[in-house]
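If you scroll down you'll find the structure; I have some questions about it.
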Amino acid sequence: MNPGVTSREAILEVCRRLVAERGLSSLSMRAVAADCGIALGTLYNYFADKDELLIATVESIWREIFRLDADRAADCAFPVVIEGLFARVQTSAAQYPGFLTGHAVAIAKAKRGEARSAMDQAFAQMKAGLLAALHADPRVAHDAFDGVLSEAAFVDFVLDNLLVQLIRRAPDCAVLTGIVRRVIYR
């Protein structure tokens, strides 16, 4: 066997490629091991079973999709960050056909507690990135947030609505960014 991929991240890179080419349902331990050029037993050193591999792959794809460039976000108005994120997810949806709607089904079949924890961690990082971008926007009105509408609750609202627009296949997020501008700028 050829020397193959031998790091967790490199294996996940192969998994992302397989999902992009064949879909999430085609992910199997044997297919991943073969594409990595490693023995099946070696793959089990990194992932205990298919569920763990699937969960890690879904989390990896979400992290790739929602990766925020912190330096760029610091130089942008918060609505521009949202627009950029929306465009990135649209591009990723084309790269990973059926992922936005299909990952939930795949995760539901996996180990529920571990899957939920992994997704919670991925979304927490996405929210933290958006919160950092909101804080970095110098134009945000100081009185935009209070005890009723906190910055964290606002970021939750933004992310939830961004996902809804993406699932509905909206062509843009102009309504969302219009609402954001009205709330945070005076």
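What number of residues within region 149-169 satisfy the criterion of being over 14 Å from ALA87 (Cα atoms) and open to solvent by less than 20 Å² (accessible area, probe 1.4 Å)?
3
May I ask you to list the residues in region 87-98 that are touching a helix residue (DSSP H, G or I) at 6+ places or on another chain (Cβ under 6 Å) and in contact (Cβ under 8 Å) with a residue 60 or more places away in the chain?
Answer for region 87-98, where residues must be touching a helix residue (DSSP H, G or I) at 6+ places or on another chain (Cβ under 6 Å) and in contact (Cβ under 8 Å) with a residue 60 or more places away in the chain: VAL89, ALA93, GLN95, TYR96.
Taking helices (runs of 4 or more DSSP H) that fall entirely within region 1-79, which contain at least 2 residues that are modelled with pLDDT of 95 or more?
8-22, 29-36, 40-46
Provide a single number: the residues in region 9-65 that are touching a residue at least 60 places away in the same chain (Cβ under 8 Å) and small (Gly, Ala, Ser).
4
ASP172 passes all but one of (1) of a type outside the set (Phe, Trp, Tyr); (2) open to solvent by 20 Å² or more (accessible area, probe 1.4 Å); (3) assigned to a helix (DSSP H, G or I); which number fails?
(3)
With the condition kept exactly as written, say whether any residue in region 91-102 is among the hydrophobic types (A, V, I, L, M, F, W, C), open to solvent by 50 Å² or more (accessible area, probe 1.4 Å) and at pLDDT 85 or above.
no
Further question: In region 41-51, which residues are open to solvent by 50 Å² or more (accessible area, probe 1.4 Å) and either within 20 Å of LEU159 (Cβ to Cβ) or in contact with a helix residue (DSSP H, G or I) (Cβ under 8 Å, 6 or more places away or on another chain) (or both)?
Once the filter is applied, which keeps residues that are open to solvent by 50 Å² or more (accessible area, probe 1.4 Å) and either within 20 Å of LEU159 (Cβ to Cβ) or in contact with a helix residue (DSSP H, G or I) (Cβ under 8 Å, 6 or more places away or on another chain) (or both), region 41-51 yields TYR44, TYR46, LYS50.
The values are calculated or read from the model by the stated rules, or taken from the named source; none is laboratory data. These numbers come from a predicted model, not from an experiment. Neighbour counts run over all protein chains shown; Cβ positions are idealised from the backbone, glycine included. Remember, those area values only see protein heavy atoms, side chains included, never the ligands or the DNA or RNA. Shrake-Rupley method; radii C 1.70, N 1.55, O 1.52, S 1.80 Å.
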